[in-house]
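I have placed the structure first, in the form of structure tokens, so that the comments after it can refer back to it.
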Amino acid sequence: MNDFVFTGKISINALCSHNTYSKSTCNECIKACPFEALAIDFDNNIVIGDCIGCGVCYSACENDAIELNRNLDIDIVKNVTEPSFGCIFAKGYNKISCISRLGENLIVYFVLKFGYINIFKGNCENCKFKMSLEVFEKNLKKTQEILKALDISFDGVKIEQSG
């Protein structure tokens, strides 16, 4: 089993549209954070508070403005031999903080490499991360669009309740 649960405290780079363009309304990372660790300061910049390093904001950011300190996507790609993922409360060979941590790039990669990916959901309704499920749904939709453009069936993405 691989443990990719915590990514370490995140940082925000120069690609953050909110921090570089004062009129930006982007706040996807703030909405996605289950622990309210991100906020907007008086200068209209996104700032990091008590981040636990779950990585959900990373998957929510469409500008690649969130940087992780460990358990990067490339680490996951290099170490996964069985594309089976689950949150800390669900089964799955590879543990992640929340299924919302799986961005479309990772999902598509594993479908292309193995022909499938198994994603196991825990009891999301009673979880602190439940607000971030919208991120997972968006990532699944993007995955579906990418696979369709590649003429590959979405059937390789298997999502199962487990917990």
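The values are calculated or read from the model by the stated rules, or taken from the named source; none is laboratory data. Here the structure is a predicted model, which is why all the values come from computation and not from measurement. Positions of Cβ are backbone-derived with ideal geometry, glycine not excepted, and every protein chain shown enters the neighbour counts. Side chains are part of the model used for accessible areas, which takes the heavy atoms of the whole protein and leaves out ligands, DNA and RNA. Shrake-Rupley method; radii C 1.70, N 1.55, O 1.52, S 1.80 Å.
Some notes on this structure:
- Calculated FRET value between Thr81 and Lys158, using beta carbons and R₀ = 22 Å, to 0.05: 0.80
- In this rough spin-label picture, where each label sits 7 Å from Cα along the Cβ direction, the Tyr93-Gln144 distance is 2.7 nm.
- Unpaired by the 4.7 Å Cβ criterion, cysteines found in the chain: Cys16, Cys26, Cys33, Cys51, Cys54, Cys61, Cys87, Cys98, Cys124, Cys127
- Flagged links, alpha-carbon separation over 31 Å, of Lys23/Lys158; Lys9/Lys121; Lys128/Lys148; Lys23/Lys91; Lys23/Lys121; Lys23/Lys78: Lys23/Lys158; Lys128/Lys148; Lys23/Lys91; Lys23/Lys121; Lys23/Lys78
- Measuring nothing but protein heavy atoms, the accessible surface of the chain at 1.4 Å probe radius is 51 percent carbon and sulfur.
- Over the chain, Cα pairs under 8 Å with separation of 6+ residues give a relative contact order of 24 percent.
- Order by protection proxy (mean Cβ within 10 Å, highest first), peptides 38-44, 153-159: 153-159, 38-44
- Placing +1 on each Lys and Arg Cβ and -1 on each Asp and Glu Cβ, with no other charges, gives segment 80-163 a dipole about its Cα centre of roughly 240 debye.
- Segment 78-128 versus segment 1-26: alpha-carbon centroid distance in Å: 20
- In the chain, the longest principal axis of the Cα atoms and the axis of helix 104-114 are about 20 degrees apart.
- Percentage relative contact order, segment 42-115, counting C-alpha pairs under 8 Å, at least six apart: 26
- Each peptide in 98-108, 140-150, 4-14 gets a packing score, the mean of other Cβ atoms within 10 Å over its residues, and the list from highest to lowest is 98-108, 4-14, 140-150.
- Rolling a 1.4 Å probe over the protein heavy atoms gives segment 25-122 an accessible area of 46 Å² per residue.
- Taking every DSSP helix (H) stretch of at least 4 residues in the chain, weighting each as -39,500 (n - 2.57) and dividing the sum by the residue count yields a mean residue ellipticity at 222 nm of -8000 deg cm²/dmol.
- Farthest positive-ward along the chain dipole, Cα basis, beta-carbon charges - from Asn2, Leu140, Leu150: Asn2
- Comparing Gly55, Gly86, Gly122 in a Gaussian network model of the chain where C-alpha atoms under 10 Å apart are linked, the largest mean-square fluctuation is found at Gly122.
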